[in-house]
1. Filter the range B:313-345 down to residues that are of a type outside the set (Gly, Ala, Ser) and under 15 Å from the mean Cα position of the chain (by Cα), then give me how many there are.
2. Residue check: is B:Phe476 buried (at least 19 other Cβ atoms within 10 Å of the Cβ), aromatic (Phe, Trp, Tyr) and more than 14 Å from chain A (Cβ to nearest Cβ)?
3. Residue check, A:Arg306 against (1) crowded, with 16+ Cβ neighbours inside 10 Å; (2) basic (Lys, Arg); (3) under 17 Å from A:Leu352 (Cβ atoms), all met but one. Which one?
4. When you look at B:Gly392, is it crowded, with 16+ Cβ neighbours inside 10 Å, modelled with pLDDT of 90 or more and within 27 Å of B:Leu323 (Cβ to Cβ), yes or no?
5. What are the pairs, 6+ residues apart or on separate chains, where a residue within the range B:411-439 that is modelled with pLDDT under 90 and polar (S, T, N, Q) has its Cβ under 8 Å from a residue that is surrounded by 12 or more Cβ atoms within 10 Å (Cβ to Cβ) and in a helix (DSSP H, G or I)?
6. Would you check if B:Gln294 is part of a helix (DSSP H, G or I), farther than 29 Å from B:Gly435 by Cβ and of a type in the set (S, T, N, Q)?
7. Collect the residues in the range A:182-230 that are closer than 23 Å to A:Ala137 by Cα, modelled with pLDDT of 85 or more and of a type in the set (D, E, K, R), keeping them in residue-number order.
8. Considering only residues that are in contact with a Phe, Trp or Tyr (Cβ under 8 Å, 6 or more places away or on another chain) and not in a loop (DSSP other than H, G, I, E, B), which ones fall in the range A:276-293?
Amino acid sequence: MKNIFKISLLSIGLTVYGLIFIEVFLRLFAPQAIMPRHVVGSEYGVRMNEPGAIYRQKTAETSAIIHINSLGLRGPQGQNLEKPNGTKRIVLFGDSYFMGYETDYADSFAARLGNEMRQRQCEVEIVNLAVSGFGTAEMLRTLEARGPDFAPDVVLFQWHHTDPADNKRADLYRVKDGTLVSTGKNYLPANDMRKRLQQQPAYRLISEHSHAYAALREKTATTIKNLMTGGALVKRPGQVASFGVASDKMVSSAAPQDRDDRPPATALDLALLDAAEQRSFEMEADFYVVDIPSWHSRTQFSSGFRLLPDQRRARENYLSPIARFRKEADATRKIYWEKGHMHLTPFGNQLLAEEIASKLTDSPQERTQLACGPKSDALAANAPTR
Amino acid sequence: MLFNSPIFLAFFAVFFVVYWQMAKHWRAQNLLILFGSWFFYGWWDERFLILIGLSTLVDFISGLGASGQRPPRKIVHKALLWFCSLGAVAAFISWQENWFLLPTSLGLGALVYFISGNIDRLSGPVRRKAWLVFSLVTNLGLLGVFKYFGFFTASFVEAFSSLGLQINTPMIHIILPVGISFYTFQTLSYTIDIYRKEMQPTDRFIDFAAYVAFFPQLIAGPIERARRLLPQFQAPRQWQWRMVQSGALLFLWGLYKKMVIADNLAPIVDAAFANPASADAALMTIGILAFAFQIYGDFSGYSDMARGLARMLGFELMLNFRLPYFSRTPSEFWRRWHISLSTWLRDYLYIPLGGNKGGALLTYRNLMLTMLLGGLWHGAAWTFVFWGAFHGAILALYRVAKIDKHLFAVNLASAKGIALHGLAWLVMTYLTLIGWTFFRAESITDAFAAISIFNHGLVSGEVFMTIGTLEQAGQFAFYVLPLVFVQILQANRQSLEIIWDDLSSPSPIARFVGVNFLLFILSSLLFLSAQSGQAFIYFDF
């Protein structure tokens, strides 16, 4: 009995000591990205940002504060459902890129897009419905549930190479006889567990400050995602990995133009994008798909649109900043953070915002809802009806 | 299967449990080792099984013959049956692509049977010698065809074209079977030792085949001697918990050297050697230094993993590396680096050539020849030959100047001793780095370009001024310094398994230190392993 007690005590002691050791080790030799995520389950069956949440993200390169307003959006406090007079609404649907992870709000794509639009004489309000971890399926579900409340004039759907895997895993929609149908399921991964844990102050302290927790959580999440998608993800630079387990952002180590081993977008992915476009039109909003390229090095990127069929990516409302990224890329400055979760830096967000703003306002496509900008007068006269 | 892959860990976990369940039946354990090792080897490419099978078959029979006896027909038939069955299994794994393995194994089996029958008809010492020649021809023939055919053909064509003569040769793409340089040397040493009457052969094919194919050391050594390892297959292995613990620890340490040190240094080396002519002195210097530790981490890491795995199964493999970068002279270096190869070359090449018994000139010749062939063993490329020749030359030079004799006569504890040994170490380190440059460079031209930049940087002092600002210098220091620290402790405590020594020590303080060492290794493996796994360098040999 005494032996069992001694062994148990030793085991517990060693475990605690081991965790402390790992914490110190990581802080000294491999600082992790501390990226807590505050999401809750929504009534429409997918995650949403926890209203009122305020939390800090910290990596070896940067730190940022995330404020979520009462509507569950990352945006200015006091945002209302009702559209201000004389203002056009651009509603963003995306994941952590559109949410502006690893940057303060003022440096996020949403804020910079608003600035760029205003500089182009477009009085706009940006409504950011992006939620970290979302794929196209979750964005569509959110658009259907919340989009009409905001009366968007423009809908921007983010596209990234993680979307096909996320859409498959979410199992919110399927394609049946060529038509997109809802499965009727919810997708709230680990929601209950997270909810219970978030109520514990000790957990909140650890999740927001512990490097060991961040590293182990990242590895666990990636392993589970690997198992759920049945594929091996490639390691991401800046995120240490072992035994082939990688983090959640897939990055190729091959030159971008040589990499063809990612599966192309499936019928489900294309149907989701089409459905989102249709829902937007029904809300009388213009619809755009915005590419978030993948990082390979400071001067090499690959477009997420490579996963789409040629005809699809050639569409006028499919916007990619990749040409601009490649033009501005420089070995001395970063478009993506390299030691965190590979999100866009303020410089990267600015480039993206400039590109999207200029395409929204200068596009030769006949402008409809966004009747502002340099060519608005000429275009408005020829606006087609829906 | 790489040792640092999930599939191997799963394989070993199952193998380990099953193996020790059979602890009372060591012959059955040998059979399990044989099947497990052939499975392990066939996982790389099932076609390779025919080659290892052939080498095993020929040396098993030749060993019996080289001892002076006539190999019993029943035993020969049994061995042939094993070989042909192996060929059949390899063929059936992927019949559409590999159907030819069945007739090949049958044909080769028939050929071996025919040759062995004819050798058996000889009498007297000629018969013993014939068996030895049979083994030599088979094993060196395998090496010659699968490793050196392309190299010699290309060199042959190049030599003639430099004389203005164009020669057309058949272009045959031959895959280099992984581990062939190791197991052919291992089987050769068995037959040679029997011929020299230094050991007795075994008449149990399973024991011998398990010894040849033993998966922990099959792919990249150590190159074991039969008189050391084979007896371990012919006796029960005792389960000892301490043995399993120390083996697991040794495996982890090897894994750390491979995945944390070697693989993280690889990009630095690649960057420096991508275009040596245009690299700056600082990058070249760091690149050469990084390669020295990359190859050490890679190779000694693999050796430690092999020894650790073997120990967990109750076997003790020979030590292959003994702090080689502490060497002060070339001969000391070769007593510490790839010990299994250097002793093999000494015993089966250098000494048969005459060693140092034929006067100074013959000794230098023998040194050069041994090192040239040692270089060639590493790879079918002139850079490896040059590396071998370089080491042969410095060995000879040190012998001419009697440096070893004078240096080791000076007491290390004295001030003069510290200065002399320190200087000797610096010089040897420089020479080692020069040698590694040939080893790593893609061509002789690239090697000389790299060495020129390296030397210029040292002589002009440029490297000392700029190296501190180089990002790669910081990365190099980050990964290498912990290893250097541990190695200094190993040298100081005269033990290579200091972590195990501490963990198993009766002193609580030592155990606490050992726990911290272990946690450091585990944390490094979890969080500092390289982003992209690199192949083991010595798998190419």
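1. As a first pass, look at the range B:313-345 and keep what is of a type outside the set (Gly, Ala, Ser): B:313, B:315-326, B:328-330, B:332-339, B:341, B:343-345.
Retained after the next criterion (residues that are under 15 Å from the mean Cα position of the chain (by Cα)): B:317-322, B:324, B:334-339, B:341, B:343-345.
So the answer is 17.
2. Numbers: buried (at least 19 other Cβ atoms within 10 Å of the Cβ): yes; aromatic (Phe, Trp, Tyr): yes; more than 14 Å from chain A (Cβ to nearest Cβ): yes.
Answer is yes for this residue.
3. The number of the failed condition is (3).
4. Working: crowded, with 16+ Cβ neighbours inside 10 Å: yes; modelled with pLDDT of 90 or more: yes; within 27 Å of B:Leu323 (Cβ to Cβ): yes.
Criteria met by B:Gly392.
5. From residues that are modelled with pLDDT under 90 and polar (S, T, N, Q), the pairs are B:Asn411/B:Gly417.
6. Against the criterion (part of a helix (DSSP H, G or I), farther than 29 Å from B:Gly435 by Cβ and of a type in the set (S, T, N, Q)), B:Gln294 does not qualify.
7. Residue satisfying the conditions is A:Lys185 alone.
8. The initial filter retains those residues of the range A:276-293 that are in contact with a Phe, Trp or Tyr (Cβ under 8 Å, 6 or more places away or on another chain), namely A:276-277, A:280-281, A:287-293.
Answer for the range A:276-293, where residues must be in contact with a Phe, Trp or Tyr (Cβ under 8 Å, 6 or more places away or on another chain) and not in a loop (DSSP other than H, G, I, E, B): A:Ala276, A:Glu277, A:Ser280, A:Phe281, A:Phe287, A:Tyr288, A:Val289, A:Val290, A:Asp291.
The values are calculated or read from the model by the stated rules, or taken from the named source; none is laboratory data. Please read all numbers here as calculations on a predicted model, not as lab measurements. Counting neighbours? That spans all protein chains shown, and the Cβs are built from the backbone with ideal geometry, glycine included.
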